[in-house]
Amino acid sequence: MRRVITILVTALSVTIAMAVPANADGLDDVFAKLLVKQVKGTNVAKHLQALQDIATAHGGIRATGTSGYDASRDYVANKLRKAGYKVTRQPINFVESWAENAPPTLALTAPSAKTYLPNEDFFTFQPSPSGEVTAPVQGVDLTLPPTPTPTSTSGCEAADFAGFVAGRIALVQRGTCPFVTKVQNAAAAGATGLIIFNEGQPGRTDAFPLDIGEWRGGIPMVFADFAVGNELASTPGATVHLKVDANLVLGSTDNVIAETRFGDPRNVVMVGAHLDSVTAGPGINDNGSGSAAILEVAEEMALYPVRNKVRFAFWAAEEIGLLGSDQYVGSLSQAQRDRIRVYLNFDMVATPNYAYKLYDGDNSDNVGSPAGPPGSAEIEQQLAAFYGSRGLPTVGTDFDGRSDYGPFIAVGIPAGGIFTGAEGIKTAAEAALFGGTAGVAYDACYHQACDTIANINATALDVDTDAIADSVARYAFNLRSIPPRVAPATSRARFTPPTSAFLDVLTRTGGKDTFR
Ligand SMILES: [Zn+2]
């Protein structure tokens, strides 16, 4: 703490000595250079060792719902409090366990009676809560008859529910976006139950057991075959009785949120990293690295007279579906969202066979997902400029919502960040740029027990911590490069973040086709 004060005073005298004009005062530049000098890879490594020790003391993991996560949460909260931050714990929910007590019921009660066969015509959609409802069915943007190849976007956009009558059971067709998006939109529209049916192409007609793999607020829901959906859709005045009997146990855990005492609360610079590991290992690169790096940045800048409020977030439950960040964003009013001018995300920043990848906020790579909300391009450019100043190359990585920035861009908050690679394979071109080994994974221990303190590249950790410090300090003093938020973004439709759980489903089923 004392060291910080000393340096701070020096920096202020330097600023005064330079006699920079007030309007272009250059404080961003001064404090960015200062913070980059202050942050140390060796300090980050100490935090990583602490997280490793926590894992070791708690069965080798730091996953959501385990004592290893709780100890990690307490560790960062204590450090932040000691540094002088206002620290809060935000409770969030996740699925602790789910079991079906009895087969579900789905029956047409009007205009005629017909009972469908559970676990054949339809299945409970995991993790559906228990519930029983009899209500009219309303189709949502259905494509019937189905097109020869999958095209249905039923329920993918909130606008699909524009004419939906609250209290009814939503009838939604599989296709295009993750099931979880359809579930969220139906629940938000006031549906009391949800029937999602298979889209109807060859190979996409049957019902089968499905698991969203995450918790997003629930109404009783089932997954039906195409024939059931088609019949309900073509029966005017269809009313059904829907019943799910399951035991859903929700667990509770916390995000850790820390805010600077100084700074304009109408202009918030938000900086996040997920703190939870998977259940397979200690998660030191994924994502002890991002957590430890932003913790070091937070500690070193704690006493800066920042112009904009800086808010650090250590997310829970990223690995089980971005639940911490999603529930955080969901808890904010539109006005609170509008005050978050940028969101910076750091998830894996010290990968052994690393590449310096920046989220492709401007979609200049033209692969995968579209560009991020306005301002995302500028964040990418600012990060790139830092590496450029060191003579270091960067490459883009698709802005696909695969980490905690997903819920932010989904509501129109510009975002950016650094990623040094996960299970993907390093290309020859990247090996030429960054060194390391082409043809093997960036992180051969991704989501495994060997993601330990030994799974950290010290060079990448050091450089990336500097890059984080540089960008956080610049935005803390100067947000002029970020365009003002024009209209409240309603863009769930445009940015549908896939999730880690989504990717896990891909792994389990061998193809995204099964999931979407
Ligand atoms: Zn991660």
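Being more than 16 Å from the ligand (Cβ to nearest atom) and surrounded by fewer than 22 Cβ atoms within 10 Å (Cβ to Cβ) is a description that applies to ALA371.
Filtered by the rule that a residue be open to solvent by 50 Å² or more (accessible area, probe 1.4 Å) and on the phi > 0 side of the Ramachandran plot, segment 119-156 gives ASN119, ASP141.
When the residues of segment 340-362 are narrowed to those that are among the β-branched types (Val, Ile, Thr) and within 16 Å of the ligand (Cβ to nearest atom), which ends up surrounded by the most Cβ atoms within 10 Å (Cβ to Cβ)? Top of the filtered list is VAL349.
Counted as qualifying within segment 240-339 are the helices (runs of 4 or more DSSP H) with 2 or more residues that are within 13 Å of the ligand (Cβ to nearest atom), namely 290-300, 323-331.
Do you know which residues across segment 199-214 are part of a loop (DSSP other than H, G, I, E, B) and either modelled with pLDDT of 95 or more or open to solvent by 20 Å² or more (accessible area, probe 1.4 Å) (or both)? Within segment 199-214, GLU199, GLY200, GLN201, PRO202, GLY203, ARG204, THR205, ASP206, ALA207, PHE208, PRO209, GLY213 meet the criteria.
Taking segment 313-341 as the range and being over 15 Å from the mean Cα position of the chain (by Cα) and not hydroxyl-bearing (Ser, Thr, Tyr) as the test, the residues that pass are LEU332, GLN334, ALA335, GLN336, ARG337, ASP338, ARG339, ILE340, ARG341. Total residues in segment 267-289 satisfying the condition of being out of contact with any Asp or Glu (no Cβ under 7 Å at 6 or more places or on another chain) and either within 17 Å of ARG474 (Cα to Cα) or at pLDDT below 95 (or both): the figure is 5.
Suppose the filter is open to solvent by 60 Å² or more (accessible area, probe 1.4 Å) and either without any contact (Cβ under 8 Å) to a residue 40 or more places away in the chain or in contact with a Leu (Cβ under 8 Å, 6 or more places away or on another chain) (or both); does ALA170 pass it? Here the answer is no, as ALA170 does not meet what is asked. The sole residue among VAL505, VAL486 that is modelled with pLDDT under 95 and open to solvent by less than 20 Å² (accessible area, probe 1.4 Å) is VAL505. Just so you know, in segment 104-118 the residues that are in contact (Cβ under 8 Å) with a residue 60 or more places away in the chain and under 24 Å from ILE212 (Cα atoms) include one that is surrounded by the most Cβ atoms within 10 Å (Cβ to Cβ), and it is LEU106.
From THR394, THR420, which residue is more than 16 Å from the ligand (Cβ to nearest atom) and polar (S, T, N, Q)? Step by step, each of THR394, THR420 is checked, and only THR394 is more than 16 Å from the ligand (Cβ to nearest atom) and polar (S, T, N, Q).
Would you be able to say whether some residue in segment 397-418 is part of a strand (DSSP E or B), within 30 Å of ASP53 (Cβ to Cβ) and in contact (Cβ under 8 Å) with a residue 60 or more places away in the chain? Taking every residue of segment 397-418 in turn, at least one turns out to be part of a strand (DSSP E or B), within 30 Å of ASP53 (Cβ to Cβ) and in contact (Cβ under 8 Å) with a residue 60 or more places away in the chain. Within segment 281-297, restricting attention to residues that are buried (at least 24 other Cβ atoms within 10 Å of the Cβ) and of a type in the set (Gly, Ala, Ser), the residue that is farthest from ALA449 (Cα to Cα) is ALA293.
Of the residues ASP443, ASP404, ASP365, ASP398, the single one that is of a type in the set (Asp, Glu), over 24 Å from ALA45 (Cβ atoms) and either crowded, with 23+ Cβ neighbours inside 10 Å or out of contact with any strand residue (DSSP E or B) (no Cβ under 6 Å at 6 or more places or on another chain) (or both) is ASP398.
The values are calculated or read from the model by the stated rules, or taken from the named source; none is laboratory data. It should be emphasised that the depicted structure is a prediction, and the values quoted were computed from it without experimental measurement. Cβ atoms come from the backbone with ideal geometry, glycine included; neighbour counts cover every protein chain shown. Side chains are part of the model used for accessible areas, which takes the heavy atoms of the whole protein and leaves out ligands, DNA and RNA. Shrake-Rupley method; radii C 1.70, N 1.55, O 1.52, S 1.80 Å.
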